[in-house]
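Reading through the structure tokens given below for one structure.
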Amino acid sequence: MSLPDVRIDKLKESEYEEVATILVDAFESNLAYASIFVNKDRLREGLFWLFRTNLYLINKRQSVTKVVRKKNSREIIGVFSLLPPNGVKSELRDYFKIGLPRFIMNFGFSALRTMLKMDSLNKELLTNAIGTNDYYYLSMVAIKANYQGSGIGSYMIDDCLQKLRSINRICHIVGLTTQLPENVTFYTRLGFQKLDEGEIQLKKGCYYNYNMKLDL
């Protein structure tokens, strides 16, 4: 697949807030993320903090997030992250740098607990479905609303997979979770296989989840 009018770049630290806003717009209606914050009036604020700090943490020691922009433009129109097997390890000082105590003051300890539980449970269920923890993890995939349906999403994921196939990689599986049936259709077209699905119950809500993988 070729889209000559776009290019894929590494995310820069100066672009974290711009990308976080794109992710908030994409995931605001997602029940999984909405279940983290009890006060829905502050949902966007909470999600912005969550995505911005996550971008900082996962890219702190190695670049794992890529952005898509039109050639000859600085505007970011798409984003995805590909984490290595076993994820990216953060140090305690990283959490203080991102303002975790302030997050607890603003949104409550229950929001932090729900966020951590959701992340842990999703990865546990995906690992169990795949049958190994040796896989690349595709996450935070989003396209700006006015560019959706243009083929950019397929292009950037296909480009990511082709690059993985061309390197001396440490494992041969890509895994992901999604909460939307239309995303299952999207990733199936790209060669992913649905492994299982089911409702996930949290203390403050529930959401439906799909686990998928692709063999490189």
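Readers should treat all values here as calculations from the given coordinates under stated rules, not as data from a laboratory. Worth saying up front: this structure is predicted, and the values here are computed from it rather than measured. Glycine also receives a Cβ, built like all others from the backbone with ideal geometry; neighbour counts cover every protein chain displayed.
Some values worked out for this structure:
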quantity	calculated
For the range 144-216 versus the range 1-75, the gap between their alpha-carbon centres in whole angstrom	16
Computed helical MRE - 222 nm, the chain, DSSP H runs ≥ 4 contributing -39500 (n - 2.57), nearest 500	-13000 deg cm²/dmol
Residues Phe51, Phe27, Phe107, sorted so that the one with the fewest Cβ neighbours within 10 Å comes first	Phe27, Phe107, Phe51
In order through the range 43-59: 3J(HN,Hα) via Karplus (6.51 cos²θ - 1.76 cosθ + 1.60), integer Hz, x for Gly, Pro	4, 5, 4, x, 5, 4, 4, 4, 6, 4, 6, 5, 4, 5, 5, 6, 9
Cβ-derived FRET efficiency at R0 45 Å, Cys206 paired with Arg61, nearest 0.05	0.85
Residue-wise HN-Hα coupling along the range 138-147, computed from phi with Karplus coefficients 6.51, -1.76, 1.60 (Hz; x: Gly, Pro)	8, 8, 6, 8, 8, 10, 4, 4, 6, 10
Under Karplus coefficients 6.51, -1.76 and 1.60, residue-wise ³J(HN,Hα) of the range 120-130 in Hz, glycine/proline x	5, 5, 4, 5, 5, 5, 5, 4, 5, 5, 6
Ranked Lys66, Lys213, Lys12, criterion: other C-beta atoms within 10 Å, fewest first	Lys12, Lys66, Lys213
Lysines with Cα under 24 Å of Lys144, excluding same-chain neighbours fewer than 8 positions away	Lys10, Lys12, Lys40, Lys66, Lys70, Lys71, Lys163
Globularity index of the chain, i.e. its alpha-carbon radius of gyration over 2.2 N^0.38 Å	0.99
Residue order, fewest to most beta carbons within 10 Å, for Cys160, Cys171	Cys171, Cys160
Efficiency of FRET from Cβ geometry, Ser166 and Arg42, R₀ 35 Å, rounded to 0.05	0.20
